[in-house]
Amino acid sequence: MNPQSQLAFLAAGFELDFALSEEERGHGRWAFERAAARSMITQKVLAERLSEARVLCGNDVTGHLPVTAEMIRAADKLETIYIGAAGFDKIDTAVATERGVVVFNAPGGNAIGVSEHALTLMLTLARRVDATSRYSRDTGHWARQFAMTSTPPIGELHGNTLGLVGFGFIGRQLADKARLGFNMRVVAYDPFFDKLEAKRLGVELLHDLNDVLAQSDFVSLHTPLNKATEGLMGAKQFRTMKNSAYLINTARGPIVDTNALIDALDKGEIAGAGLDCTEPEPLLEGHKLFRMNNVVITPHVGGASAEDIKRSELVAVQLAIDFLQGRGARHAANPKAVPRHAERFKTP
């Protein structure tokens with residue numbers, strides 16, 4: 001948790017059980033060699049203090065903290081869990097709801113960074129940046145001839161169609177960048193978004209996912225991971241896409257069937273993929289996706305800029321504080337927990 005978040009929490013009258021010291025922060029949030037030690041400290045503090053906690057942060061010092069059913073049931077005083085991120089799939093929200101524990105994520109907190117990253121993957125694939133750079137480094141030769149003759153060919157974003165699967169905060173940010181910066185047509189599939197509002201934003205909302213897949217030159221995923229979206233992109237969906245189209249995933253790895261994706265790439269059913277999220281994550285050493293010249297892989301860093309992290313942490317902390325101080329459960333990830341919370345903790 002960064003200093004701003006700590007101060008906000010302390011100002012609300014809470015005792016903070018564990019955070020990185022100034023010395024530890026100086027080593028960097030993602031200091032790899034300290035990851036195991038930091039996680040051990042987190043587990044020690046949880047074991048000692050979870051039963052007393054009213055609030056639990058869903059961010060471990062090395063990433064997302066798995067918040068299990070057992071942890072939630074063991075925390076008799078727990079009222080809310082917050083996570084400084086868009087995704088909350090590592091939190092057992094079903095048990096949290098059952099127990100009246102209200103979960104808050106950080107809606108929109110990382111939308112700028114993740115949308116920029118998705119656009120970066122699109123450009124990297126279209127312009128063959130990764131493939132040509134890798135060729136030059138591996139061979140020591142100027143890559144122009146390789147770039148001009150290899151498949152897929154170098155292309156452009158300008159005038160092409162971007163299909164968004166999910167039209168939330170990140171999808172809307174990406175739509176604006178694509179439309180205004182690259183003159184792209186944008187279509188989207190989102191059963192929860194208003195069609196007229198999408199039209200006002202310059203985006204055509206389609207009722208059928210297959211229509212989005214069939215029309216798009218780039219398909220970018222921006223849905224949460226849940227039972228409805230796990231495996232959403234499989235063999236049938238890849239066959240529906242254009243063979244010149246690219247898949248972009250900055251959402252969650254399990255939304256895509258990895259074996260079906262590899263098969264579609266091998267068969268030329270799609271032109272390539274840009275993956276910030278994979279299944280499994282991380283990919284095992286020597287995984288086939290690493291060796292494919294039409295695949296760009298980044299290690300789940302779409303929302304990892306300092307700006308994204310700060311915004312996300314502060315958004316989530318503020319939502320939790322507002323709730324605990326009686327100002328409502330805005331953007332609760334599990335709103336059905338609110339009446340159960342009122343019943344358990346005798347709040348208005």
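Structure summary
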quantity	calculated
Subset of the stretch 292-346 (residues that are free of Cβ contacts under 8 Å to residues at least 60 places away in the same chain and touching a helix residue (DSSP H, G or I) at 6+ places or on another chain (Cβ under 7 Å))	M292, V295, I297, G328, R330
Only one of G100, G113, G84, G140 that is small (G, A, S), within 26 Å of P224 (Cβ to Cβ) and either modelled with pLDDT under 95 or more than 27 Å from the chain's Cα centre (by Cα) (or both)	G84
Residue match in the stretch 275-291 (condition: surrounded by fewer than 18 Cβ atoms within 10 Å (Cβ to Cβ), in contact (Cβ under 8 Å) with a residue 60 or more places away in the chain and either at negative phi or polar (S, T, N, Q) (or both))	no
Residue list for the stretch 262-277, restricted to those being over 14 Å from A118 (Cα atoms), part of a loop (DSSP other than H, G, I, E, B) and either in contact with a helix residue (DSSP H, G or I) (Cβ under 6 Å, 6 or more places away or on another chain) or not assigned by TED's automatic domain parsing to the domain that holds L213 (or both)	E269, I270
Matching entry among G163, G109 (being within 23 Å of A86 (Cβ to Cβ), in contact with a Lys or Arg (Cβ under 6 Å, 6 or more places away or on another chain) and not in a helix (DSSP H, G or I))	G109
Qualifying residues in the stretch 130-163 (those that are among the aliphatic types (A, V, I, L, M) and without any contact (Cβ under 8 Å) to a residue 40 or more places away in the chain) - the one surrounded by the fewest Cβ atoms within 10 Å (Cβ to Cβ)	M148
Subset of the stretch 164-186 [aliphatic (A, V, I, L, M) and buried (at least 19 other Cβ atoms within 10 Å of the Cβ)]	L164, V165, I170, L174, A175, A178, M184, V186
Check on L283, closer than 18 Å to P152 by Cβ and not small (G, A, S)	no
Residue, surrounded by the most Cβ atoms within 10 Å (Cβ to Cβ), within the stretch 63-87, restricted to residues that are in a strand (DSSP E or B) and aliphatic (A, V, I, L, M)	I81
Residue within the stretch 124-139 that is out of contact with any Leu (no Cβ under 8 Å at 6 or more places or on another chain), basic (K, R), assigned by TED's automatic domain parsing to the domain that holds L324 and assigned to a helix (DSSP H, G or I) present	no
Residue count for the stretch 57-81, restricted to those that are in contact (Cβ under 8 Å) with a residue 60 or more places away in the chain and of a type in the set (D, E, K, R)	1
Odd one out for N226, checked against (1) modelled with pLDDT of 95 or more; (2) under 23 Å from the mean Cα position of the chain (by Cα); (3) not charged (D, E, K, R)	(1)
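The values are calculated or read from the model by the stated rules, or taken from the named source; none is laboratory data. Computed from a predicted structure; not experimentally measured. Don't worry about glycine lacking a Cβ; one is built from the backbone with ideal geometry, like all the others, and counts go over all protein chains shown.
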